[in-house]
Each structure stands twice: as structure tokens, then as C-alpha cells.
Amino acid sequence: MMQQILDKTSETFIALEEQYGAHNYHPLDVVIHEASGVWVTDVDGKRYLDCLSAYSAVNQGHAHPKILKAMMEQASRVTLTSRAFRNDQLGPFYKEVSDLTGYEKVLPMNSGAEAVETAIKLARKWGYKVKGVENDRAEIIVCHGNFHGRTTTIISFSTEEQYRDGFGPFTPGFKIIPFGDSAALEAAITPNTVGFLVEPIQGENGVIVPPEGYLARCAEICKKHHVLLIDDEIQTGLGRTGKMFMQHYDNVHADVMIIGKALAGGFYPVSAVLSSAAIMGVFNPGDHGSTFGGNPLGVGIARMALRVLVEENMVENAARMGEYFKKKLTEIHSPYVKEVRGRGLLIGVELTPEAGGARRFCQALQEQGILSKETHYNIIRFAPPLVITQEEIDWAIARIRSVLTTA
């Protein structure tokens with residue numbers, strides 16, 4: 001018989017996680033109880049500024065009231081129909097996403113990894129049915145340092161050893177090139193190449209920003225060789241970098257674009273693959289699907305999440321506040337800081353080897369009331385919700401300066 005938890009302290013909840021949960025994460029020891037906007041509060045009542053945004057899934061801020069209302073209204077009507085039937089949220093969702101992005105067709109899924117898998121299937125089928133690649137010979141080019149998810153197929157082309165260790169045999173059909181090197185892309189293309197899958201900024205790899213014009217050159221190369229450019233904007237898209245999509249910095253319209261995370265404002269897992277009618281037309285009924293993909297609750301929430309992103313000028317705020325945040329971080333003189341880089345409100349602070357790794361700094365920031373997370377051992381990632389204000393950044397900078405200069 002299940003017993004009610006009476007002792008609701010951080011120590012109790014952490015102990016329960018450690019005892020009953022799989023140890024596949026290494027979280028900071030903060031137990032969040034509620035959240036609003038850029039602020040979260042733990043079970044002990046301490047308040048923190050969220051500088052991770054659930055890995056950019058809550059761009060619109062925590063518990064946005066309009067998105068919450070849309071979720072509650074839709075949940076009171078119908079939540080799931082499966083794709084065996086139609087629902088009154090899906091068609092409007094398709095049109096609104098198409099109007100926002102300029103893509104003719106939308107294929108909804110749930111998680112970002114599912115959307116990446118969908119894009120891989122789409123590129124392969126397009127390669128066989130349209131480009132004329134011999135069956136089972138299709139190749140997709142990816143970049144060193146990539147992070148597109150954790151499914152078996154996706155980790156098959158990861159270059160992070162831990163993500164692959166113990167999970168073989170791996171899925172073939174991928175070729176790895178250096179990130180940010182368009183010449184390497186052209187050199188790697190063969191008659192069997194069907195797609196180039198790329199993050200416009202590598203987030204998990206440490207907020208690695210490619211050279212200016214990189215994506216535009218990649219688009220030209222892909223078009224020249226009849227290869228699909230597949231732009232993974234799951235983390236960089238929907239305003240995070242100061243434009244609606246990172247590809248807009250290079251005036252690129254990729255053949256396939258993948259979005260997720262903030263697509264439903266952190267209320268529900270919704271992702272999507274976007275493309276042209278000609279490319280998406282290779283899918284026939286039964287070729288691909290998902291019980292929950294495109295469900296009325298998820299897409300109903302996503303419609304409002306996109307609306308507030310535009311109507312409340314969150315993308316423009318991300319551009320202004322991102323520039324300000326980055327400038328203030330570069331003004332911190334610390335022997336531990338090697339480089340500050342990023343676009344918009346996706347910022348990485350790379351530490352020197354002498355710093356001894358980023359985790360201790362993230363723990364010190366937690367003590368100061370700021371939640372961030374280390375990535376690739378020596379990089380602190382700052383990615384607050386796009387609704388953050390200059391006053392809140394100033395509040396954070398004082399504490400970040402204290403940690404980076406004294407920790």
C-alpha cells in the first residue's frame with residue numbers, strides 16, 4: 001500500500017530519488033516545488049533564478065498564465081484521440097506553424113529525439129524515392145560534437161564516448177565531419193549522401209558557435225549536390241538565439257527543420273519536423289506515426305505557446321537581453337574564465353583547466369540563488385527564459401561575478 005510522504009524536505013525527496021530512481025542523471029541537489037516566470041522555489045522555500053530553462057524548453061517562462069489557461073481549457077474538452085481520427089486543434093496548429101516558419105508541411109511528434117528520428121527516416125526515404133540512391137546505401141553527414149538525442153540510432157553517430165559506451169551494435173549510414181567546416185562537408189558528400197544534419201549552434205557540446213556565414217555556405221553546398229540540409233533547431237529555435245530561428249541569421253531556409261522543446265512552453269512534450277510538400281510527400285499513410293504525436297492537448301498548448309512568443313515580443317527581448325547578459329559576463333575579470341560565447345540568451349562560459357571543472361561553480365551559484373548547469377565538464381551554460389529583464393540580469397551578474405572571482 002502506498003504511503004503518503006509526510007516529511008517534505010529536500011533531504012527526503014533526494015533520498016527517495018536516490019533509492020528508487022535510475023542513476024542516469026547527476027542533478028544539482030535542489031528540489032523544485034513551484035515556478036513562475038524566471039523564478040523557481042524549492043520545497044524548503046528558497047527562491048532561485050532559473051538560468052537553464054529546462055534546457056530551453058521554457059522559453060516563455062514558467063507557468064505562463066495564457067498557456068496554462070489554454071492547457072486547462074483543452075484538457076477539459078479532449079486530450080487524446082490518436083491519429084485514427086481528426087481533432088479540431090491539429091489543422092489550425094499546422095497552419096499557424098506554417099505561417100510562422102514558411103514551411104509547407106508539418107509532421108508533429110513528441111520529444112526532440114523522436115523528431116530527429118523522423119527527419120532521418122524522411123531524408124532516407126527521400127534519398128531512395130526521389131534522388132535515386134540504391135536501397136540501404138543512404139548516408140547522412142553529421143558533425144563532431146553533435147547532440148541530437150539519445151536513441152540507439154542517434155547515439156550511433158555521437159562522438160561522445162559515454163553516450164555510446166555499452167549500447168552497441170550501432171546503426172550504420174552516418175559520416176562525421178568537423179563542425180563549422182563547410183569545406184569538409186563538400187569533401188564528404190558522395191552520390192549516396194541524402195542529408196546533412198546539423199545544429200546551427202552546438203548547445204550540449206558547450207555552446208559552440210560556428211564561423212559567420214557557415215550555415216549559408218552549407219545550404220549552397222547541399223543545394224549544389226542535391227542533398228537535404230536538415231537544421232536541428234530544437235534548442236536554438238523559437239527565439240532562444242535572438243531570432244525566431246538561428247538559421248535566419250544566415251538567411252537560410254533549410255530543406256528540413258526540426259523544432260521541439262519550447263514549442264509547447266514547457267507544459268507538454270511537442271516537437272515537429274517541417275519541410276516542403278515535395279519532400280514530405282514521400283511519406284504515405286502507415287510509413288510513420290505516433291499515438292501521442294499531434295494530440296489535441298499537446299498542439300492546443302503549442303498554439304498558445306507560439307502566440308505568446310510572438311505577441312509578447314519574447315524573441316526581440318532575447319536579442320536585447322542576450323547581448324546585455326553576454327556583455328556583462330565578458331566584463332567579469334576572473335582567472336578561471338577562458339571565453340564567453342553564444343547568441344541571444346544561449347551563452348556558454350568556458351573555464352580554464354585551472355578552474356577544476358564547472359560543477360563546483362554551478363553548486364556555488366546555486367548557493368547564491370542561481371540555477372545553471374555544467375556541460376562538457378568545464379563549461380557553464382546560461383540560458384534563462386526569454387522573459388528575463390535587465391534588472392534580473394543585473395541581480396544575477398553580481399552573484400555570478402562573486403562566484404567566478406572567489407570560488
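Each reported figure results from applying straightforward, stated rules to the coordinates on display, with no laboratory input. Since the structure is predicted, the reported quantities are computational estimates derived from the model, not experimental observations. Neighbour counts run over all protein chains shown; Cβ positions are idealised from the backbone, glycine included.
Odds and ends about this structure:
- Of interest is the spacing of the C-alpha centroids, which for the stretch 315-331 and the stretch 43-79 amounts to 23 Å.
- For the stretch 147-233, the Cβ-based charge dipole about the Cα centre amounts to some 340 debye (Lys, Arg positive; Asp, Glu negative; other atoms uncharged).
- Distance distribution note for the chain: the fraction of Cα pairs above 40 angstrom is 16%.
- Distance between the stretch 243-310 and the stretch 161-238 - C-alpha centres, whole angstrom: 19
- Hull-based mean projected area of the stretch 40-111, where the convex hull spans the alpha carbons, in square nanometres: 7.2
- For the chain, built as a Gaussian network whose Cα springs stay under 10 Å, the top-fluctuating residue of V31, V40, V207: V31
- Candidates V38, V340, V58: whichever shows maximal mean-square fluctuation once the chain is modelled as a Gaussian network with Cα springs under 10 Å: V340
- Binning the alpha carbon pair distances of the stretch 80-178 at 5 angstrom intervals from zero yields the distribution 2, 11, 16, 18, 17, 14, 11, 8, 2, expressed in whole percent.
- Among E117, E311, a tally of other beta-carbon atoms within 10 Å of each Cβ gives an order, fewest to most, of E311, E117.
- Placing +1 on the Cβ of every Lys and Arg and -1 on the Cβ of every Asp and Glu, with nothing else charged, gives the stretch 78-152 a dipole about its Cα centre of roughly 220 debye.
- In loop segments of the stretch 77-142 as defined by DSSP, the trypsin sites (Lys or Arg not before Pro) with at most 16 further C-beta atoms inside 10 Å of their C-beta are R77, R83, R86, R137.
- Summarising the amide proton neighbourhood of T171: residues at separation of 5 or more, or on other chains, whose placed amide H is nearer than 5 Å comprise S156.
- Only Cα pairs under 8 Å and 6+ residues apart enter the sum, and on that basis the relative contact order of the chain stands at 22 percent.
- Which of I189, I140 has the fewest Cβ neighbours within 10 Å, and the rest in rising order: I189, I140
- Helical segments meeting 18 Å axial Cα length and Kyte-Doolittle -0.5 threshold in the chain (DSSP H): 112-126, 296-311, 390-406
- Ordering S158, G206, V116 by the projection of their Cα atoms onto the charge dipole of the stretch 65-311, which places +1 on the Cβ of Lys and Arg and -1 on the Cβ of Asp and Glu, puts V116 at the extreme positive end.
- Amide H contacts for S271 (H built 1.01 Å from N in the peptide plane; partners 5 or more residues away or on another chain; cut-off under 5 Å): M109, N110.
- Summed over qualifying helices (DSSP H, 4 residues or more, each -39500 (n - 2.57)) and divided by its residue number, the chain shows a 222 nm mean residue ellipticity of -10500 deg cm²/dmol.
- Gyration tensor verdict on the stretch 192-288 (Cα atoms; rounded if a/c is under 1.5, prolate if a/b is larger than b/c, oblate otherwise): oblate
- Kirkwood hydrodynamic radius computed over the stretch 307-407 comes to 13.8 Å, based on all pairs of distinct alpha carbons.
- Unit charges on C-beta of K, R, D, E only; dipole of the chain, Debye: 780
- Residue exposure sequence - M321, M280, M72, M314 - by fewest surrounding Cβ within 10 Å: M72, M280, M321, M314
- Cβ-based charge dipole, the stretch 213-371, positive-most Cα from L346, F267, M257: L346
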